[in-house]
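Shown next, in C-alpha cells, is the structure this report addresses.
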Amino acid sequence: MALWNAVASRLARHRSWTAGVGSSRAMSSWWHSVEPAPKDPILGVTEAFLADPSPDKVNVGVGAYRDDNGKPVVLECVREAERRIAGSMNMEYLPMGGSVKMVEETLKLAYGDNSEFIKDKRVAAVQALSGTGACRLFAEFQKRFRPESQIYIPVPTWSNHHNIWRDAQVPQRTYHYYHAESRGLDFASLMDDVKNAPSGSFFLLHACAHNPTGVDPSEEQWREISQQFKAKGHFALFDMAYQGFASGDPERDAKSIRIFLEDGHSIGIAQSYAKNMGLYGQRVGCLSVLCEDEKQAVAVKSQLQMIARPMYSNPPVHGALIVSTILGDPELKQLWLKEVKGMADRIIGMRTALRENLENLGSSLSWKHITEQIGMFCYSGMTPEQVDRLTKEFHIYMTRNGRISMAGVTTGNVRYLANAIHVVTEST
Ligand code: KET
C-alpha cells in the first residue's frame, strides 16, 4: 500500500509538471520580455526588396556584385575550382585555425608575395567566418588581452562595425573621416583625431574602397597617417573587405597596408573573399596579426583558436578549398585577377553612366562625386527622407544613409534610377 501511494503521488507530480510545461501560459512566460530586434540597416533593405512584388523594383542596398542583367555572379575561376574539387575531397573537420593552405595564400595577398614577415613566421593567422567573423575574432581578442582598450571607428563606417565591438564589450570612440560638403576626405580632422587619441589606441581603418563613402586617402595621405600612428604608438586594424574593388588590382589595393608594414607597425588585418571572389555565402576570410617574432605569433594564434573553439569550433571547409584551389594554381589565379578587374570596371562604367544620366536630365546639382568615389559604393548625399521617397514612389531600395551600391546598377536600370534620383532631389 505504501509503495502504491508513493507511485501514485509521483505520477501525479509528473502529470502536473508536464501540464505546466505544455500550457501556453507557462511557455510564453519564458521569453515575455523579448522585444523584436531593430531591422538591420543593410540586410533589412534586402528583406524589404524581396517582399516587394513590383516588377520595377531595383536593389542597390547590399554590397553584392551583380552582372549587367542584375543577376548574382559566380566567377568562372570559382566554377573551375569547384569542378576540380568535386568528388575528390573528404569532409573532415578543418583544424581550429582553418585551412593552412588557404591562410597561406590569403596572407600573400595582404602582406605581399615575398613578405619577410611571412618568411619569418611573424604573422599569427586563422581562417575566419568571412570579414565579419575576422573583425569579431579580433574584437574578442582585443577585449581579452587589452581589456582596458577602446576602438576608434571612422564616421561614417559599415554599420556592423558598431555591433561587432559592442558585442565584444569594447568601448567605441569615433574619428573624423568624411567631409560632407566636399564629399571627400576630412584629412585635417582625421589627423587631429589620430594625434589627440591617447597613445597606444586601437584604430579601425578601411584598407581600401571605404564603406559607405567610397572615399580613400591618397598614397601620400596614407604615409602621413602611418607616420602619425607611429608617433603615437597606435595599433591599426585594417578591415579589407574590398581588395581589388577599388582599382581593379588586389596588389594596388593593398597599398595602405604595405605602407604601414614598411613603417614597421604591428598591425591586424581582416580579409574577406565575399566580394572579390564572389563567395558571399561561403563565409571565407582570414584574421591575421603581425607579431614581434615567431614565438609571439604562435601564442597569439593559439589564443585566436581558443576564441574560435567554443564559438564554432572550426571554420567551414568548402569555401576555403575553393580559395586555395584558385590561388594555388597560377592559371586560375590569373583568371581570378582578370575577373576581379572585370567587376571593378563594370562598376566604374556604371558610375559614369549614372552621372551622365543625371546631368542629361538637367539636374542642377553636382554629381561629380559619383565618378570620383571608388569601390562598390556611391555615398550620394541623399537624405533619409529622399531615400524613403525613392523606395515608396519608385521601388528603389537602398540604405537610408544615401549609400548606393553601384554593383546593383545596370545598363537596364540606370536611366530609371537616375530619373528617380533626379525627381526626389530636385523637389525637396
Ligand atoms: N567589412 C566591410 C567594410 C564591409 O562592408 C563588409 C560587408 C564586411 C566587412 C563583411 O563582409 P563579409 O560578408 O562578412 O565578408 N558589407 C556588405 C554586406 C553586409 O552588410 O554584410 C554591405 O555593406 O552591404
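Against the numbered list (1) in a loop (DSSP other than H, G, I, E, B); (2) of a type in the set (S, T, N, Q); (3) surrounded by 19 or more Cβ atoms within 10 Å (Cβ to Cβ), S149 comes up short only at (3).
Looking at A407, A353, just one residue is open to solvent by 10 Å² or more (accessible area, probe 1.4 Å) and touching a helix residue (DSSP H, G or I) at 6+ places or on another chain (Cβ under 8 Å), and that residue is A353. Criterion applied to S266, S302, S272, S288 was being at pLDDT below 95 and in contact with a strand residue (DSSP E or B) (Cβ under 9 Å, 6 or more places away or on another chain), and the one residue passing it is S266.
Matching residues to (1) within 23 Å of the chain's Cα centre (by Cα); (2) among the hydrophobic types (A, V, I, L, M, F, W, C):
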{"residue": "M343", "(1), (2)": "yes, yes"}
{"residue": "A353", "(1), (2)": "no, yes"}
{"residue": "L358", "(1), (2)": "no, yes"}
{"residue": "I374", "(1), (2)": "yes, yes"}
{"residue": "G402", "(1), (2)": "yes, no"}
{"residue": "G408", "(1), (2)": "yes, no"}
{"residue": "V424", "(1), (2)": "no, yes"}
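Residues checked against (1) open to solvent by less than 10 Å² (accessible area, probe 1.4 Å); (2) in contact (Cβ under 8 Å) with a residue 40 or more places away in the chain; (3) part of a loop (DSSP other than H, G, I, E, B):
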site: G244; (1), (2), (3): yes, yes, yes
site: G248; (1), (2), (3): yes, yes, yes
site: R252; (1), (2), (3): no, no, no
site: S256; (1), (2), (3): yes, yes, no
site: F260; (1), (2), (3): yes, no, no
site: G268; (1), (2), (3): yes, yes, no
site: N276; (1), (2), (3): yes, yes, yes
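Just one of (1) open to solvent by less than 10 Å² (accessible area, probe 1.4 Å); (2) more than 30 Å from R346 (Cα to Cα) fails for G200. It is (1). I'm told T174 meets every condition in (1) more than 16 Å from the ligand (Cβ to nearest atom); (2) without any contact (Cβ under 8 Å) to a residue 60 or more places away in the chain except one. Can you identify the failing condition by its number? Answer for T174: the failing condition is (1).
Taken over segment 230-277, the residue count meeting the criterion of being more than 11 Å from the ligand (Cβ to nearest atom), under 18 Å from A344 (Cβ atoms) and of a type in the set (A, V, I, L, M, F, W, C) is 2. Residues that are away from the ligand (no atom under 16 Å from the Cβ) and at pLDDT below 80 number at least 3 in the following helices (runs of 4 or more DSSP H) confined to segment 7-90: 24-29. With respect to (1) open to solvent by 60 Å² or more (accessible area, probe 1.4 Å); (2) modelled with pLDDT of 90 or more; (3) more than 30 Å from M382 (Cα to Cα), the lone exception for T106 is condition (1). When we screen Q169, Q127 for residues that are touching a residue at least 12 places away in the same chain (Cβ under 8 Å), outside any helix (DSSP H, G or I) and more than 15 Å from the ligand (Cβ to nearest atom), the only hit is Q169. No other residue among R144, R136 is within 16 Å of the ligand (Cβ to nearest atom), part of a helix (DSSP H, G or I) and charged (D, E, K, R) apart from R136. Number of residues in segment 278-315 that are farther than 30 Å from V73 by Cα, touching a residue at least 40 places away in the same chain (Cβ under 8 Å) and within 16 Å of the ligand (Cβ to nearest atom): the value is 1. Restricting attention to segment 181-209, the residues that are in a helix (DSSP H, G or I) and in contact (Cβ under 8 Å) with a residue 40 or more places away in the chain add up to 2.
The values are calculated or read from the model by the stated rules, or taken from the named source; none is laboratory data. Being a predicted model, the structure only gives us computed values, none of them experimental. Cβ sites come from the backbone with ideal geometry, for glycine too, and all protein chains shown count toward neighbours. Protein only, heavy atoms only, side chains kept; ligands, DNA and RNA dropped before computing areas. Shrake-Rupley method; radii C 1.70, N 1.55, O 1.52, S 1.80 Å.
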